[in-house]
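The values are calculated or read from the model by the stated rules, or taken from the named source; none is laboratory data. Treat the numbers as computed from the prediction; the structure is a model and nothing was measured. Cβ placement follows ideal geometry from the backbone for every residue including glycine, while neighbour counts extend to all protein chains displayed.
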Amino acid sequence: MKSLLFSRFLLLLPWVLIVIIVLDIDSSRAPLPALAPRGGGGGGGSGSGGARPAAGRAAAPRRPEAALPTIYAITPTYSRPVQKAELTRLANTFRQVARLHWILVEDAAARSDLVSRFVAGAGLPCTHLHVPTPRRYKRPGLPRATEQRNAGLAWLRQRHQHLPPPQPGVLFFADDDNTYSLELFQEMRTTRKVSVWPVGLVGGRRYERPVVENGKVVGWYTGWRADRPFAIDMAGFAVSLQVILSHPKAVFKRRGSQPGMQESDFLKQITTVEELEPKANNCTKVLVWHTRTEKVNLANEPKYHLDTVSIEV
Ligand SMILES: *[C@@H]1O[C@H](CO)[C@@H](O)[C@H](O)[C@H]1NC(C)=O
């Protein structure tokens with residue numbers, strides 16, 4: 001009798017131990033999901049990770065991203081030898097930003113295979129649009145990417161017109177050759193109406209910036225036409241979705257817009273200098289650079305296809 005009980009006890013003991021160990025592991029794991037990276041992965045998946053400070057992470061509640069405004073990045077792009085390289089660089093940055101939705105607008109009559117394939121494997125939420133620039137506007141000295149930026153704006157307005165109240169969101173224009181610090185996204189995410197910050201390597205200077213006094217923009221440090229109402233580069237501002245939706249007619253204009261006046265003409269339609277919100281430590285930090293990729297040398301490229309395979313570059 002005694003030995004029977006003992007053998008049953010021995011039989012049960014390992015199972016009891018296993019249950020105890022599993023419960024223990026479970027409880028020590030409990031706080032982890034909030035820290036673990038989310039989603040990500042394949043084409044069009046949700047964004048993962050975040051450009052948020054480490055301190056914010058530790059203290060974050062369970063669903064820290066639920067209240068985060070979505071950042072919409074509108075990127076005009078066109079076919080050229082460095083296109084895929086530039087887009088790859090940009091995607092590698094954007095993939096690290098939580099809740100970023102990338103709106104890629106091709107200057108083309110149809111979506112290209114190259115960009116379609118790229119978008120499918122980009123690993124972040126993307127919208128792929130296209131609109132060709134009319135031939136008459138394809139001249140040096142005329143502003144570029146006007147139609148593409150407007151197509152991005154139109155998509156954004158259409159997507160949200162049936163969704164009152166609008167989800168919190170922030171829009172910025174992300175040209176595909178610039179370089180973006182992850183800190184920039186933390187800064188722009190809190191945009192209430194229109195926010196501004198310095199831009200590096202632009203306008204023939206090391207940087208341009210809004211001049212800030214007592215937390216307000218009072219002028220512009222720039223090497224070119226400081227008399228523009230908003231003497232700022234395309235990479236130097238963000239606009240809240242709310243403002244975009246409440247000014248449905250605000251677009252980039254061809255008519256009457258001189259080269260280099262695009263930004264100023266657009267901002268005039270939606271805000272005033274007094275309203276601007278200075279970011280990046282009262283506009284004293286450069287978090288985005290207007291980098292230019294050197295034109296590639298294809299001098300030895302054969303006129304007709306010589307290789308045995310066809311390779312996308
Ligand atoms: C910007 O300047 C204002 C006014 O001087 C000040 O109250 C505010 O703390 C400054 N912001 C930052 C981030 O330094």
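Based on this model, can you work out whether R192 counts as part of a loop (DSSP other than H, G, I, E, B), more than 16 Å from the chain's Cα centre (by Cα) and within 16 Å of the ligand (Cβ to nearest atom)? Before the answer, list the steps.
Numbers: part of a loop (DSSP other than H, G, I, E, B): yes; more than 16 Å from the chain's Cα centre (by Cα): yes; within 16 Å of the ligand (Cβ to nearest atom): yes.
Against the criterion (part of a loop (DSSP other than H, G, I, E, B), more than 16 Å from the chain's Cα centre (by Cα) and within 16 Å of the ligand (Cβ to nearest atom)), R192 qualifies.
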Legend entry - Subset of segment 235-249 [in contact with a Lys or Arg (Cβ under 9 Å, 6 or more places away or on another chain) and either in a loop (DSSP other than H, G, I, E, B) or within 18 Å of A154 (Cα to Cα) (or both)]: A238, V239, S240, Q242, V243, I244, L245, P248
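Results for (1) at pLDDT 95 or above; (2) away from the ligand (no atom under 16 Å from the Cβ), shown as yes or no for each residue.
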residue: V218; (1), (2): yes, no
residue: G223; (1), (2): no, yes
residue: A226; (1), (2): no, yes
residue: A231; (1), (2): yes, yes
residue: F237; (1), (2): yes, yes
residue: S240; (1), (2): yes, yes
residue: V243; (1), (2): yes, yes
residue: H247; (1), (2): yes, yes
residue: Q258; (1), (2): no, yes
Legend entry - Which numbered condition V309 misses (of (1) part of a loop (DSSP other than H, G, I, E, B); (2) surrounded by 10 or more Cβ atoms within 10 Å (Cβ to Cβ); (3) not polar (S, T, N, Q)): (2)
Legend entry - Check on R111, among the charged types (D, E, K, R) and part of a helix (DSSP H, G or I): no
Inset, instruction - Report yes if L201 is in a loop (DSSP other than H, G, I, E, B) and among the hydrophobic types (A, V, I, L, M, F, W, C), otherwise no. - result: no
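For segment 177-216, which residues satisfy the criterion of being of a type in the set (D, E, K, R) and at pLDDT 95 or above? Even if it seems obvious, please write down each step before you answer.
First pass over segment 177-216, keeping only residues of a type in the set (D, E, K, R): 177, 183, 187, 189, 192-193, 205-206, 208-209, 213, 216.
E183, E187, R189, R192, K193, R205, R206, E208, R209, E213, K216, listed by residue number.
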Inset, instruction - Give me the pairs, please: first residue somewhere in segment 266-290 and closer than 13 Å to W197 by Cβ and near the ligand (Cβ under 9 Å from one of its atoms), second residue anywhere and assigned to a loop (DSSP other than H, G, I, E, B) and among the small types (G, A, S), beta-carbon distance under 7 Å, and either six or more positions apart or on two chains. - result: P278/G215; N282/G215
